[in-house]
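**Q** I have a structure here, written as structure tokens, and I will follow up with some questions on it.
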Amino acid sequence: MENKIKIFLADDEELFRKGIVFLLQREENIEILFEASNGSDLIEKLKTTDTLPDIILMDLKMPLLNGVEATKIIHKEFPQIRIIALTSYNTKSFIANMIDVGAASYLVKSSSPKDMLKTINEVAEKGFYYNEIVMEVIHQDILSKNTSRTLLDEDFLTLREKEVLELICKQHSSTEIADMMNVSTRTVDGHRNSLLQKTNSKNMAGLVIFAIQNKIISLDDSNNEIES
């Protein structure tokens, strides 16, 4: 099968790591390219490989270089790679921190294989995937920090950009947005890049935060879209 989702897996628990590999190898659209037991080996492989992954499943607690620090490096040096945080820690602080440093999604190790596959496929298709729990954490993080990035004026974002932003927050892919707006995916990607620059957002989480702060979308709207 062509266009397989290429994956690197970083986790220091060998038994758990091998179990994930066993599950993913059974999927026709997924290819495991590399396994690492720590962040340092992962970064070294990324710098020397001829084939970069589409997605990295990243454990948080690893020796030599932990998942948080590795994510920071990868987000800066390999921004095209999507990172799914894979961890036993299901606390709001860990979730908020990983999303803030650039993770495209957050998956607890107690999740079902079905949830893991859904997360991988959603991230591969849309670039990010925030379930209801993560969206709630993002919202609470906004409130706790009491920060606000607001629209400078009514013309700060064009009507098209606002429309794209709303659909992005509802977790539609570029292809889906293009179909809904009757434009090309290239046009949608152009709007998305413009939104990232205008709102000074590092990633999709930043756009979601901006949209919630400016009441372009509500938390309930996004959660309803996830559930549907």
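**Q** Being modelled with pLDDT of 85 or more, among the basic types (Lys, Arg) and either in a helix (DSSP H, G or I) or open to solvent by 40 Å² or more (accessible area, probe 1.4 Å) (or both) narrows it down to one residue among Arg149, Arg186, Arg192; which is it? Please lay out each step first, then the result.
**A** Working: Arg149 fails: modelled with pLDDT of 85 or more; Arg192 fails: modelled with pLDDT of 85 or more.
Only one candidate qualifies: Arg186.
**Q** Does any residue of segment 106-117 turn out to be more than 15 Å from Asn203 (Cα to Cα), without any contact (Cβ under 8 Å) to a residue 24 or more places away in the chain and among the hydrophobic types (A, V, I, L, M, F, W, C)?
**A** Checked against the condition, which is being more than 15 Å from Asn203 (Cα to Cα), without any contact (Cβ under 8 Å) to a residue 24 or more places away in the chain and among the hydrophobic types (A, V, I, L, M, F, W, C), segment 106-117 yields at least one hit.
**Q** Something else about it: Checking Thr199 against (1) more than 15 Å from the chain's Cα centre (by Cα); (2) surrounded by fewer than 18 Cβ atoms within 10 Å (Cβ to Cβ); (3) modelled with pLDDT under 85, which test does it fail?
**A** (2)
**Q** Using the structure shown, decide if Thr48 is surrounded by 18 or more Cβ atoms within 10 Å (Cβ to Cβ) and more than 24 Å from Ser173 (Cβ to Cβ). Quick ask: steps written out before the conclusion?
**A** Working: surrounded by 18 or more Cβ atoms within 10 Å (Cβ to Cβ): no; more than 24 Å from Ser173 (Cβ to Cβ): yes.
So Thr48 fails the test.
**Q** Quick check on this structure: which one of Leu86, Leu57, Leu52, Leu46 is part of a loop (DSSP other than H, G, I, E, B) and hydrophobic (A, V, I, L, M, F, W, C)?
**A** On the way: Leu86 fails: part of a loop (DSSP other than H, G, I, E, B); Leu57 fails: part of a loop (DSSP other than H, G, I, E, B); Leu46 fails: part of a loop (DSSP other than H, G, I, E, B).
The conditions single out Leu52.
**Q** Sticking with this one: Is it the case that segment 98-110 has a residue that's touching a Gly at 6+ places or on another chain (Cβ under 6 Å), part of a helix (DSSP H, G or I), at negative phi and not aliphatic (A, V, I, L, M)?
**A** No: segment 98-110 contains no residue that is touching a Gly at 6+ places or on another chain (Cβ under 6 Å), part of a helix (DSSP H, G or I), at negative phi and not aliphatic (A, V, I, L, M).
**Q** Conditions: (1) in contact (Cβ under 8 Å) with a residue 24 or more places away in the chain; (2) of a type in the set (Lys, Arg); (3) open to solvent by less than 80 Å² (accessible area, probe 1.4 Å). Arg17 meets all but one. Number of the miss?
**A** (1)
Conditions (1) at pLDDT 85 or above; (2) touching a strand residue (DSSP E or B) at 6+ places or on another chain (Cβ under 6 Å), marked per residue:
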site: Gly67; (1), (2): yes, yes
site: His75; (1), (2): yes, no
site: Gln80; (1), (2): yes, no
site: Ile83; (1), (2): yes, yes
site: Leu86; (1), (2): yes, yes
site: Asn90; (1), (2): no, yes
site: Phe94; (1), (2): no, no
site: Pro113; (1), (2): yes, no
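**Q** Give me the pairs, please: first residue somewhere in segment 155-175 and over 14 Å from Leu196 (Cα atoms) and open to solvent by 70 Å² or more (accessible area, probe 1.4 Å), second residue anywhere and among the acidic types (Asp, Glu) and not in a loop (DSSP other than H, G, I, E, B), beta-carbon distance under 9 Å, and either six or more positions apart or on two chains.
**A** Thr175/Glu125
**Q** I've got another one for you. With the condition kept exactly as written, say whether any residue in segment 87-95 is under 18 Å from Cys169 (Cα atoms) and either open to solvent by 10 Å² or more (accessible area, probe 1.4 Å) or basic (Lys, Arg) (or both).
**A** Within segment 87-95 (the criterion being under 18 Å from Cys169 (Cα atoms) and either open to solvent by 10 Å² or more (accessible area, probe 1.4 Å) or basic (Lys, Arg) (or both)), the answer is no, since none of the residues qualifies.
**Q** Which of (1) touching a helix residue (DSSP H, G or I) at 6+ places or on another chain (Cβ under 7 Å); (2) free of Cβ contacts under 8 Å to residues at least 60 places away in the same chain; (3) surrounded by 20 or more Cβ atoms within 10 Å (Cβ to Cβ) is the odd one out, the single condition Gly102 does not satisfy?
**A** All conditions pass for Gly102, except number (2).
The values are calculated or read from the model by the stated rules, or taken from the named source; none is laboratory data. Since this is a predicted model, take the numbers as computed values, not measurements. Here the Cβ is made from the backbone with ideal geometry for all residues, glycine too, and neighbour counts use every protein chain on show. Accessible surface is based on the protein model in full, side chains and every heavy atom, while ligands, DNA and RNA are left aside. Shrake-Rupley method; radii C 1.70, N 1.55, O 1.52, S 1.80 Å.
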